[in-house]
Structure formats: C-alpha cells, structure tokens
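Notes follow the structure.
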Amino acid sequence: MTIDTELSFVKVAEDCGVLRDAPLPPEFRDRAYDALFDFDTLFYDVYRCGNHTVLQGPPLFNFRNHLEETAFHADFIRNGGVVIDRSSGVELWLKGGPPDIRIEGRLGCVEVPVQPELGHVFRNKRVLFTLSKDNDVQWIKDWVQFHVRIHGADAVLLYDNASTAYGARELEAELERTFPGVTVRVVNWPFRFGPRVWRRRDASGNERRISSKFCQAGALQHARFRFLQKARSVLNCDIDELVLPSRAGGSVFRAAETSLFGAVHFRGRWIGDAGAGRGEQVPRHADFARYDASDKAGCPLKWAVVPWRCTRTMTWSAHRVKGLENYFTRSSRFAYGHFSEITTNWKYNRTARKAPSDAARYRVDEALLRAMQTAGLQGTFQPA
C-alpha cells in the first residue's frame, strides 16, 4: 500500500530577516549559485530514532547563534542533548520521545510534530538506495531490476528531489506494481540540491575546494537514521550506475555483510559509445556497454554497508562511509558502470559525444554486458 512519508521540516520565517550564510565568498557567487543554495531550511525533519528524537538539517552556520538563544535550546542542553556537527549537515539528538517540538526565537515561531521511526519497513532487508530527480521511469525500473536479479536486493528506498515529471506517490505505486516482491518506499525530498562544488588552484597548484551541496548528504543521513537502522545491508548508487557482481557472481550486499568492517567501497568507469547519438528514442542502460580504455581516472567510489556496524558519528556520503572507508574496505571484486547517456543533463551536457575518430579507444565491457543480459535488461547494444 502506498503511504506518504511525512517530513516535519522547518524553515526560518520569511520575515525574520535572517538567511543562512553561504560558504562561498560573495565575490565568487552569481545568480545561478543563489538559485541553487539552500538559504532557509533549518531542519529537514524531526523524527524518532531508537530512544532519541533527532532534529536534522543542513549545516547551521550563522543559524546556530540564533538557535542557542531560544528556550528550546536551553531545554535541549539541560536534558543532555547532543549536537553532531558534520561538514554537510547537523543533527541534534535528544533523549526521550516528546510528541512535538516547539522552537521560538529570532528565526521564527514553530511547533512541529515528531515523526515516527520507520526502521520496521526495511527490517532485515537488502536495500537499494538513491536520490533522484526527474529520471525516466524506465531507467529507474531497469536500475531496480538489475540490482534485484544480480545482487539480491529485496527493497528500494528512493528519495525524490521534487520531480516535476511525476509525484513521489505515483512513482512508488508504479515500482510496487512492477516489483511485487520488493519493498518500496519513495520519499518526497523537496529541498534545493545545491550548487556545484567550487574549485580554484592557487599559484602553487594547491586546490581550494568549497562545497555548498547539502541535500544529498542530508538524504543519506535521514535514510540511515529514520529508515535503515534495522536493514540487513544497504547499497548506495545512482540511477545511471549499475554495480557489477564479483567474478564468481557474488552479491555486493553479501560482501558487505561478511566483510571485516561491514562495508565495501569500489570504483567505477564511464560507459558510453564514442560517436553514438541519442536519436529520437529514450536511451536505456542496455543500449551501451563500451568504455574508454584510455581513461585511467575512472569514477569515484561507491559503497555498500551494514548500518548497525556504523557508529552514530560516522557519516554516509555520496562516495564513502566516512569513518569506515579505509584500505581494508576497498574491494577490487566489485566495480560499477556509470552510464553517460542515462541522464537528463541536469548538471552539465554529459551527452556531448566525442568525435567518431575516438572510437578506436573504446572496448566492450564483457562483464557488464553479461550482467545486463542475465538481469534481462532490454537494449539495442550490438558488439562489433
């Protein structure tokens, strides 16, 4: 049954005269940056997690001083509340289970209900997780089908970042119809994604890097604490990414569950045919199986983890479980294909193809091709 997952999100009052300070200096910001930056979300959600009530949001920055002046914060400290301040977000952990939380001060006056913990939904499940926006529904189905059949995923938790092509409930219902044996929950996550990471090199060649993106990290932490504490294991990868099984056909979920630290990290590579055009048809994963053999950089790490093996201060991020990622959790048994054509080009024009003269550098990824065939993905790819 499709059920909305309610969020008790808190924004600062429109007339309070206070906005979140952006980490990027004003001289480097433009209208595009300001349109994408989250200036006004105080908390994404207020919810139960075990014996605690959690108020979770983006980094507080200048909001912290105003929050500390409230009676709410005084009571929070008096009752042994703990603040976990992460680079991409903040959590306020309070023991006990009040039915609601009231915050009154310079940032506004609001009383919000404490939402229930939903760990029972994914108890003992192998969960496929992602944040998505306006991805083609067929792409999402192919992505689910692949990881269900190849790795044994039996649950999907998808955070929908305010898609306009469909609603969260509509998508959830469609996935439930298509995969009747899979537990599905689609959460409406209506927050600004954030600008691209700003990078500059100084005269010595050292890179300065400033991130203003909090939405994806917030979704990961929210999923972890409100939904996934009782999950058997969790795989984090995007709709345009398919995780290959090990050479022996092993599941990445099982690899995480049996690993020393309860986690595996693995790298990927771009998949796409040089000179291939999109045409009029919407592309699908199985239309592509070639990679650029000259690309030595590849793609950043992705991961699978056993949630209960993570301490509360560890951070789930897009490319690593911070606090668990180390030499012993990196695995060469798994890899993922990152499909350049499976995109809405929301970040940049990824489908601008290389010249046909580059085609000689491309090789067929035989392992990926076999895995897609085994999973029953439909496509037009034909090896030369």
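The values are calculated or read from the model by the stated rules, or taken from the named source; none is laboratory data. From a predicted model like this one, the values you see are computed outputs, not experimental measurements. Cβ: placed from backbone, ideal geometry, glycine included. Neighbour counts: every protein chain shown.
Checking I150 against (1) of a type in the set (V, I, T); (2) free of Cβ contacts under 8 Å to residues at least 60 places away in the same chain; (3) surrounded by 14 or more Cβ atoms within 10 Å (Cβ to Cβ): exactly one of these is not met. Which one?
Going through (1) of a type in the set (V, I, T); (2) free of Cβ contacts under 8 Å to residues at least 60 places away in the same chain; (3) surrounded by 14 or more Cβ atoms within 10 Å (Cβ to Cβ) one by one, I150 breaks only (2).
Return the residue satisfying two criteria in turn: it lies in the stretch 132-158 and is of a type in the set (S, T, N, Q) and farther than 17 Å from P180 by Cβ, and of such residues it is farthest from the chain's Cα centre (by Cα). Reasoning before the result, please.
Quick first cut of the stretch 132-158, residues of a type in the set (S, T, N, Q) only: 132, 135, 138, 145.
Next, only the ones that are farther than 17 Å from P180 by Cβ stay: 132, 135, 138.
Numbers: S132: 8, N135: 14, Q138: 19 Å.
Per the criteria, the residue is Q138.
I'd like the residue in the stretch 127-141 that is crowded, with 24+ Cβ neighbours inside 10 Å and in contact with a helix residue (DSSP H, G or I) (Cβ under 7 Å, 6 or more places away or on another chain) and, out of all such residues, is nearest to V187 (Cα to Cα).
F129
I'd like the residue in the stretch 201-215 that is outside any loop (DSSP other than H, G, I, E, B) and touching a residue at least 24 places away in the same chain (Cβ under 8 Å) and, out of all such residues, is surrounded by the most Cβ atoms within 10 Å (Cβ to Cβ). Can you show your working first?
At the first step, the residues of the stretch 201-215 found to be outside any loop (DSSP other than H, G, I, E, B) are 201, 207-210, 215.
Now restrict to residues that are touching a residue at least 24 places away in the same chain (Cβ under 8 Å): 210, 215.
Numbers: I210: 14, C215: 25.
That would be C215.
Within the stretch 162-199, work out how many residues are surrounded by fewer than 18 Cβ atoms within 10 Å (Cβ to Cβ), within 28 Å of R20 (Cα to Cα) and either without any contact (Cβ under 8 Å) to a residue 12 or more places away in the chain or among the hydrophobic types (A, V, I, L, M, F, W, C) (or both).
Of the residues in that region, 4 qualify.
Tell me which residues, restricted to the stretch 216-254, are basic (K, R) and either at pLDDT 95 or above or crowded, with 22+ Cβ neighbours inside 10 Å (or both).
Scanning the stretch 216-254 gives R224, R226, K230, R232, R254.
Which condition from (1) outside the structural domain of L220 (by TED's automatic domain parsing); (2) surrounded by fewer than 20 Cβ atoms within 10 Å (Cβ to Cβ); (3) under 29 Å from S211 (Cβ atoms) is the one that V90 breaks?
So the condition that V90 fails would be (2).
Take the stretch 22-44 and flag every residue that is of a type in the set (F, W, Y) and loosely packed, with under 13 Cβ neighbours inside 10 Å. Even if it seems obvious, please write down each step before you answer.
Initial filter on the stretch 22-44 (of a type in the set (F, W, Y)): 28, 33, 37, 39, 43-44.
Answer for the stretch 22-44, where residues must be of a type in the set (F, W, Y) and loosely packed, with under 13 Cβ neighbours inside 10 Å: just F28.
Is there a residue being at pLDDT below 95, of a type in the set (A, V, I, L, M), part of a loop (DSSP other than H, G, I, E, B) and more than 26 Å from I84 (Cα to Cα) anywhere in the stretch 316-336?
no
Given (1) surrounded by 13 or more Cβ atoms within 10 Å (Cβ to Cβ); (2) closer than 20 Å to A155 by Cα, identify the lone condition not met by N124.
Every listed condition holds for N124 apart from (1).
Table: residues versus (1) surrounded by fewer than 14 Cβ atoms within 10 Å (Cβ to Cβ); (2) of a type in the set (K, R); (3) assigned to a loop (DSSP other than H, G, I, E, B); (4) over 21 Å from the mean Cα position of the chain (by Cα).
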site	(1), (2), (3), (4)
T5	no, no, yes, no
R20	no, yes, yes, yes
V46	no, no, no, no
L55	no, no, no, no
F61	yes, no, yes, yes
N65	yes, no, no, yes
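Please find, among A360, A375, the residue that is touching a Lys or Arg at 6+ places or on another chain (Cβ under 6 Å) and either of a type in the set (A, V, I, L, M) or modelled with pLDDT of 95 or more (or both). Give the steps one after another, and end with the answer.
Values: A360 fails: touching a Lys or Arg at 6+ places or on another chain (Cβ under 6 Å).
The unique qualifying residue is A375.
With the requirement that a residue be in contact with a strand residue (DSSP E or B) (Cβ under 8 Å, 6 or more places away or on another chain) and without any contact (Cβ under 8 Å) to a residue 40 or more places away in the chain, what does the stretch 19-42 give you?
Selection gives D40 alone.
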